[in-house]
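The values are calculated or read from the model by the stated rules, or taken from the named source; none is laboratory data. If you're wondering where the values come from, they're calculated on a predicted model, not measured in any experiment. Glycine also receives a Cβ, built like all others from the backbone with ideal geometry; neighbour counts cover every protein chain displayed.
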Amino acid sequence: MEYIIEGYSWLFKNILWINILFAILLVFFERRNPTTTWLWLMVLAFLPGIGFILYLFIGQDMSKKKTFKLKEEEDKGIRERVLKQGKKIEEDEYSFSNPRFLEYEDIIKMHIQSSESYFSEDNHIEFYFSGAEKFKALLESIKKAEKYIYLEYYIMKSDGIGTKIIDSLTQKAKEGVEVKVLYDGMGGRKLKRGCFDELKKAGGEVAAFFPPFAPFITPRINYRNHRKICIIDGREAFTGGFNIGDEYLGLSKKFGYWRDTHIKITGTAVEGLQWRFFKDWLFAAKKDNVQWKIELPEKSKRGKAGVQIVSSGPDSKWASIKDGYFKMITNAKKRVYIQTPYFIPDDSIFEALKVAGLSGKDVKVMIPCKPDHPFVYWAGLSYIGELLEAGVKFYTYQNGFLHSKTFIMDDFVTSIGTANLDIRSFKLNFEVNAFIYDEDVNRRMVEQFKRDLKVCKEITIEEYKKRSNIVKLKESISRLLSPIL
């Protein structure tokens, strides 16, 4: 018995020292946000048995630079090209095709400097607001592919629509088209074993981004590739909120109709999405840097929309997409319309929204009426009260599940992509958004937002104050955990 007690005592002391070591590393080396630091210190202090395990798998950030070293080795040519464009804009030597672009020169320059996002002015945008229309367009584009198809998705499933897409890719590979598929290791965990075998036999390539070594077990569980990209022949590219699976067609009994936003871009901005895929593929497939194909359509086939493809993630120095959201809120003169499935703003976004509301701007935020992640949902509700008092209006989408990630500023700037308005998208996930500068695109998105409002319920300050104590308790606990949700 004494031997067993001594063994437990030895184990407890060592776990305690491990917790103390992690606490020291957290405070002195990682230099995180103070709120996040205090939260993890509490976890390590009050859960000595499992705190260090939780920190090891979902909290630690020490090896980030080493982990993403390959992802930081970007092509020198495109970097020089983008920075050269930025210098010309700064020195007033760059001639915009549309004078209105000059009004948003500060946002354009910021994205060039922080995300190396080339600004192109010749793009055409097509919109998809339902899974049926998005997957129809995607399958049609895949069918027309002649040279290559590069597909990158956070979630891929081998269900009805997933199998249809994989079969279409397999057929194109048999025809000699180059096919590359990249999916997130956690997002693709429900893929059936062998679902890509025929594609690989036909010459297609498949890679997983940070695949778990066992179900749900990976020390990189926090770093997820949340991007959704498909490039066809360098001619056109898709991006937005839809993943690949039957639930995105509205076939889920739990969520019902799935409301999302996806776009197809034709024009020079395709190059930005293609380059994004290139870097992610090299990292996940562990390939040596090779010359990448950049093939674009003829000038006559393009449009007039200005576009910047902006990426962010734990390998980025700047939170570029979040900074873009911040600039859109603070620069707005009339309105800011937001759709997001998860609303957990950091301090900067929260204050920006509050000031915009207090300034009398038309600020509307649309969120789902039902949660797919309860803690995230309750945490989001905890932020609403003060913003309602500041004049920001909130609406819950009642016609199924809202998964759209869109920002609309005034009558010219729009952001459509994969980044939610939450801390995870700002700091942990790999995201990509298209920042679009165009009146017609903005008008189309405003029309859709107003159409969605017809099936929404407004959250009034009176109703918000009537929340039960149980709801308030859930919100408080969830908000405390929000930095790690």
Check Lys333, Lys317 and return the single one that is out of contact with any strand residue (DSSP E or B) (no Cβ under 8 Å at 6 or more places or on another chain), surrounded by fewer than 20 Cβ atoms within 10 Å (Cβ to Cβ), in a loop (DSSP other than H, G, I, E, B) and modelled with pLDDT under 95.
Lys317
Filtered residue count, region 167-182, keeping only those that are under 20 Å from Gln274 (Cα atoms) and assigned to a helix (DSSP H, G or I)
3
Within region 183-196, identify whether any single residue is without any contact (Cβ under 8 Å) to a residue 24 or more places away in the chain, surrounded by fewer than 20 Cβ atoms within 10 Å (Cβ to Cβ) and not in a strand (DSSP E or B), and answer yes or no.
yes
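So that you can scan it fast, the table gives a plain yes or no per residue for (1) in contact with a Phe, Trp or Tyr (Cβ under 9 Å, 6 or more places away or on another chain); (2) surrounded by fewer than 21 Cβ atoms within 10 Å (Cβ to Cβ); (3) more than 25 Å from Tyr128 (Cα to Cα):
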residue	(1), (2), (3)
Leu151	yes, no, no
Gly203	no, yes, yes
Asn222	yes, yes, yes
Gly234	yes, yes, no
Residue check, Trp378 against (1) surrounded by fewer than 23 Cβ atoms within 10 Å (Cβ to Cβ); (2) among the aromatic types (Phe, Trp, Tyr); (3) modelled with pLDDT of 90 or more; (4) more than 19 Å from Leu428 (Cα to Cα), all met but one. Which one?
(3)
Specify which of the listed residues (Lys157, Lys109, Lys147) is farther than 21 Å from Gln308 by Cα and either without any contact (Cβ under 8 Å) to a residue 60 or more places away in the chain or within 25 Å of the chain's Cα centre (by Cα) (or both).
Lys157
Kindly indicate whether Ala207 is under 27 Å from Ile416 (Cα atoms), crowded, with 23+ Cβ neighbours inside 10 Å and not charged (D, E, K, R).
no
Any residue at all in region 418-436 that is crowded, with 20+ Cβ neighbours inside 10 Å and over 21 Å from the mean Cα position of the chain (by Cα)?
no
Which pairs turn up if I take residues in region 432-453 that are at negative phi and look for partners that are surrounded by 19 or more Cβ atoms within 10 Å (Cβ to Cβ) and modelled with pLDDT under 95 with beta carbon separation below 6 Å, at least 6 apart in sequence or on another chain?
Val432/Arg276
With Tyr150, Tyr223 as the choices, which residue is under 17 Å from Leu273 (Cβ atoms) and of a type outside the set (S, T, N, Q)?
Tyr150
Looking at (1) of a type in the set (D, E, K, R); (2) more than 20 Å from the chain's Cα centre (by Cα); (3) surrounded by fewer than 20 Cβ atoms within 10 Å (Cβ to Cβ), which one does Asp347 not meet, given that it meets all the others?
(2)
